[in-house]
Amino acid sequence: MHSLMVKKDFIASHFLIGGDWGNENKPHAHHYVLELILEGETLDHNNYLVDIVEVEAAMNELILGYKNRLLNDLEDFVGRNPSIELFSKILCTAMSGRIKDPRISALKAVLWENESAWAGYGIRRS
């Protein structure tokens, strides 16, 4: 199985809802790092699993919708706790829709909230 990882960073803000988490209940920013891991069995005629430039472009386009924004105000998060677990699922699902290459059998988004905390979500394609 071949794997390819592309990493991008961005800043966004959020505040947690549904519980008493002290300062986390107030708007604050994170310097997020998104790692997208793609897997597949075969390479193309260039010996690529997928073109990194295309993956970077898709990630940049997706991130623009979140960069320097308050996540709580965005449709994906209205009325939902904007945890890194939920955010990683949203990002992975969105990237799966953007990367159509049939050689990709699995995707995983790992979203770092800081140097010591991350959450991930994966999708296995049939």
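The values are calculated or read from the model by the stated rules, or taken from the named source; none is laboratory data. Worth saying up front: this structure is predicted, and the values here are computed from it rather than measured. Every residue, glycine as well, gets a Cβ built from its backbone with ideal geometry; the counts of neighbours run over all protein chains shown.
Quick check on the range 71-115: of everything there that is among the polar types (S, T, N, Q) and assigned to a helix (DSSP H, G or I), which residue is farthest from F15 (Cα to Cα)?
S96
Name the residues in the range 116-126 that are among the basic types (K, R) and outside any strand (DSSP E or B), would you?
Matches in the range 116-126: R125 only.
Mind checking which pairs have a first residue in the range 97-112 that is of a type in the set (S, T, N, Q) and a second that is buried (at least 16 other Cβ atoms within 10 Å of the Cβ), Cβ under 8 Å, 6 or more apart or different chains?
S105/E39; S105/G40
Given the conditions (1) surrounded by 15 or more Cβ atoms within 10 Å (Cβ to Cβ); (2) in a loop (DSSP other than H, G, I, E, B); (3) not charged (D, E, K, R), report the number of the one that N68 does not fulfil.
(1)
Considering only residues that are touching a residue at least 24 places away in the same chain (Cβ under 8 Å) and either over 18 Å from M5 (Cβ atoms) or in contact with a Pro (Cβ under 6 Å, 6 or more places away or on another chain) (or both), which ones fall in the range 45-78?
E61, Y66, K67, N68, R69, L70, L71, N72, F77
Applying the selection to the range 1-52, what residues are among the aliphatic types (A, V, I, L, M) and surrounded by 17 or more Cβ atoms within 10 Å (Cβ to Cβ)? Spell out how you get there, then give the answer.
First, the residues of the range 1-52 that are among the aliphatic types (A, V, I, L, M): 1, 4-6, 11-12, 16-17, 29, 33-34, 36-38, 43, 49-50, 52.
Answer for the range 1-52, where residues must be among the aliphatic types (A, V, I, L, M) and surrounded by 17 or more Cβ atoms within 10 Å (Cβ to Cβ): V6, A12, L16, L34, L36, I37, L38, L49, V50.
Quick one: L107 ticks every box in (1) surrounded by 16 or more Cβ atoms within 10 Å (Cβ to Cβ); (2) farther than 21 Å from D44 by Cα bar one, so which box is it?
It fails just one condition, (2).
With D73, D101 as the choices, which residue is charged (D, E, K, R), more than 17 Å from the chain's Cα centre (by Cα) and at pLDDT 95 or above? Steps first, please.
Values: D101 fails: at pLDDT 95 or above.
One residue alone meets the criteria, D73.
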